[in-house]
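Asker: This structure is in C-alpha cells; I'll ask about it shortly.
Throughout, read-outs are computed from the coordinates displayed, never taken from laboratory work. Bear in mind the structure is a predicted one, so any value in this text is a computation, not a measurement. Positions of Cβ are generated from backbone atoms using ideal geometry, with glycine treated the same way; all protein chains shown enter the neighbour counts.
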Amino acid sequence: MVGLDGMPFQLIRDLSADNTMPNTGRLIEEGVFRQMASSIPEISSVAWSSIITGANPGEHGIFGFTDLATNTYRLTFPNFNSLKMPPFWERENSGRSVILNVPSTFPARPLNGVQVSGFVALDLERSTYPPALVPWLESLDYRVDVDSQAGHQSLDLFLRNLDRTLQARIAAYRHLWHGEDWDTFVLVFTGTDRLAHFLWDAYEDKSHKYHSTFLDYLHQIDEVIGEITHKMNTTDSLIMLSDHGFELLECDVHINFFLSQQEFLKFKKNPPQSLADIDYGTKAFALDPARIYINLEGKYPRGSVKPEDKELVIDELEKSFESLKVNGRKVIEQIYRKEETYEGPYLDQAPDLVLLPGKGFNFKASLKAGSLFEKGILSGKHTQKDAFLLVSDSSEDIVLNRPSVADVVGIMSRLREKHGNR
Ligand SMILES: [Zn+2]
C-alpha cells in the first residue's frame, strides 16, 4: 500500500495524463481507479484511523487531532493508544508487516514486523519498533515530518526540508523492502499534504515560481511507484490511496468566533485562554476543524443546555450555520448530525454536528481569532469527497463503485483471498 496524504482524485488523474506521473498512469490503465470519500471530518488522523481499521469514528474512537477529557473542557491529544480497534496488521493471520509512516500511529508498538510511526510523533525512539532500528534511521537523517514552521519563515527553507524528508523516507523504504521479510508493506508519503497546504496555488498557476517544484515532487514519488511495480510479482497487489483531497484555500473561517457572535458561546474572560474559560449560558462550542458540541447539562462543568432542549438548540444552530454567506455564497456546504454520521460504542464522544465547508472555505476552531474571516499564508485546504483509490487489479468485485476510507480493509481482504495470500 502506498499512501499519498491529501492527494485528490482529479490531481492524480491529471498528472497521470500529462506524464508527470507515468507509472501511476499505467496502473490506472490496468487497475481500478476511483474517487473515494474521506472521513467526517476530512482530516488525516480520522481518515487514516478509518483506513487502517476499516471502521468509522464511532467504532475506532478518533474524531480529530484533539478531543476533550470526559466531563471536562480539557483538551487531550489522541494517539495510537487511543485507537479503540486494532489496525489490520495487528489482526490474526495478518502475517509479517512493514508499516512506514502511517499518520496517527504514534507511539509505535510491538508487531510481527517493523513499524515507524507517521505524524504526530513526538520523538524517533518511541516512533520505532523494534527500537534497535533507531540508530540506522538516525544515520539516514530520517524525519517523521517536515518542519512546517520552516514554511512560515521561508518557502525555500521549507522546500529544502521537504526534499530531505522525502529522500530519507525513500532510503528507509528501500532498505526495509529488501532487508525485511514481509507479507504486507505500507509506505505513506505525508510531504504531499504539506506541499499542498503551502503551495496549492503554485500547482494551479502555471506561471508560479514553484509550479515545477510542485510537479517535480509528485514526479519523484511516481518514480518510487515505478520502482515498486517492477519489484512486484504476479500474486502481489498494490493499493495506492489518499486520505482526503485538496483544493485552493480562499478564506479561513473561525467557527468559535461565529458561535460567540451568534451568542451560542460565552466566555468568562475575553479573549479566552482555553475552553476552560467557557461560561454559563454557552449553548455550543467547536473543536478543530468544525466539530460542534452542545454544552449539555450534566456532561460539561458549566453545561447550560437541558437534555430536553438539545434538539431545539441543534435546530437553531443549523439555521444559523445555513445563513452564513459571503457574497451570496454559502460558507457551509453540509451539516452532518451525529446520529446520521457515526455508529458504534463511542457515539457518546462524537461531536453533535460536523460542518463541511463550501468550496474555498477552511474551518478553524481557534479561540484567539479576532475576526470571522481571515486569509493566512496557506493556499491549500482539505476536501472530503475526492480522495482517490487505485487498485492494481481490475476485478470489479474487489472495489466498490463509491468507496470510502473505511472500505479499504475489506478490499485488502478480498485481494488476499483472490491471490491466496494471507
Ligand atoms: Zn491527510
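Asker: DSSP loop GluC sites (Glu not before Pro) in the stretch 210-319 with at most 12 other Cβ atoms within 10 Å of their Cβ, which ones?
Answerer: Glu263
Asker: May I pose another question? Considering amide H positions built from the backbone, and no H for Pro or chain starts, which residues 5 or more places from Lys299, or on another chain, come under 5 Å of its amide H?
Answerer: Residues meeting the criterion, in which the H sits 1.01 Å from N, do not exist here.
Asker: Right, next: Taking loop as defined by DSSP and a crowding limit of 12 other beta carbons within 10 Å, which GluC sites (Glu not before Pro) in the stretch 319-401 fit?
Answerer: Those satisfying the criteria are Glu396.
Asker: Write out the trypsin sites (Lys or Arg not before Pro) in the stretch 324-372 meeting two conditions: DSSP loop, and at most 16 other Cβ atoms within 10 Å of their Cβ.
Answerer: Qualifying residues, ordered by number: Lys359, Lys368.
Asker: I would also like to ask the following. How do Ser212, Ser117 line up, fewest other C-beta atoms within 10 Å first?
Answerer: If I rank by nearby Cβ atoms, fewest first, I get Ser212, Ser117.
Asker: Along each of its three principal axes, how wide is the spread of alpha-carbon positions in the stretch 1-156, in whole angstrom units, largest first?
Answerer: 50, 46, 40
Asker: Within the chain, which whole H helices from DSSP have a Cα span along their axis of at least 24 Å and a mean Kyte-Doolittle hydropathy of -1.0 or more, if any?
Answerer: Going by DSSP H runs, the hits are 155-179, 211-231.
Asker: Here is a further query. May I have the convex hull volume per residue, in Å³, for the Cα set of the stretch 75-209?
Answerer: That works out to 138 Å³ per residue.
Asker: Would you mind telling me the antiparallel percentage of the DSSP bridges in the chain, rounded to 5?
Answerer: Roughly 60 percent of the DSSP beta bridges within the chain come out antiparallel.
Asker: About the Cα centre of the chain, how large is the charge dipole given +1 on each Lys and Arg Cβ and -1 on each Asp and Glu Cβ? Please answer in debye to the nearest 20.
Answerer: 740
Asker: If you don't mind, there's one more thing I want to ask. Just rank Phe285, Phe258, fewest to most, by other beta-carbon atoms within 10 angstrom.
Answerer: Ranked by crowding around the Cβ, least crowded first: Phe258, Phe285.
Asker: In addition: Excluding residues fewer than 8 places away in the same chain, name every one of the aspartates and glutamates whose C-alpha is closer than 16 Å to that of Lys206.
Answerer: Excluding near neighbours in sequence, the set is Asp14, Asp18, Asp216, Glu247.
Asker: Give me, ordered by chain and number, the residues 5 or more places off Lys283 or on other chains with an amide H under 5 Å from its own placed amide H.
Answerer: Long-range HN contacts for Lys283: Leu265, Lys266.
Asker: Output the Kirkwood hydrodynamic radius of the stretch 142-224, Cα pairs only, in Å rounded to one decimal.
Answerer: 13.7
Asker: Output the antiparallel fraction of DSSP beta bridges having both residues in the stretch 67-209, as a percent to the nearest 5.
Answerer: Taking every DSSP beta bridge within the stretch 67-209, about 35 percent pair in antiparallel fashion.
Asker: How about Lys266: which lysines have a C-alpha closer than 24 Å to its C-alpha, ignoring those fewer than 8 places off in the same chain?
Answerer: Lys283, Lys299, Lys306, Lys310, Lys319, Lys325, Lys338, Lys364, Lys368
Asker: How big is the Cα convex hull of the chain in projection, averaged over all directions, in nm²?
Answerer: 20.4
Asker: Given the DSSP H assignment, sum -39500 (n - 2.57) over each helix run of at least 4 residues in the chain and divide by its residue total; what's the result at 222 nm in deg cm²/dmol, nearest 500?
Answerer: Using -39500 (n - 2.57) per qualifying helix, the result is -10000 deg cm²/dmol.
Asker: To continue, here is another question. Report the rotationally averaged projected area of the stretch 1-68 based on its alpha-carbon convex hull, in square nanometres.
Answerer: If you wrap the Cα atoms of the stretch 1-68 in a convex hull and average its projections, you get 5.2 nm².
Asker: Could you tell me what a quarter of the Cα convex hull surface of the stretch 276-403 works out to, in nm² with one decimal place?
Answerer: 11.6
Asker: Let me ask you something else. Taking the Cα atoms of the stretch 340-422, report the difference between the largest and smallest coordinate on each principal axis, in whole Å and largest first.
Answerer: Dimensions of the stretch 340-422 along the principal axes of its Cα atoms: 58, 34, 21 Å.
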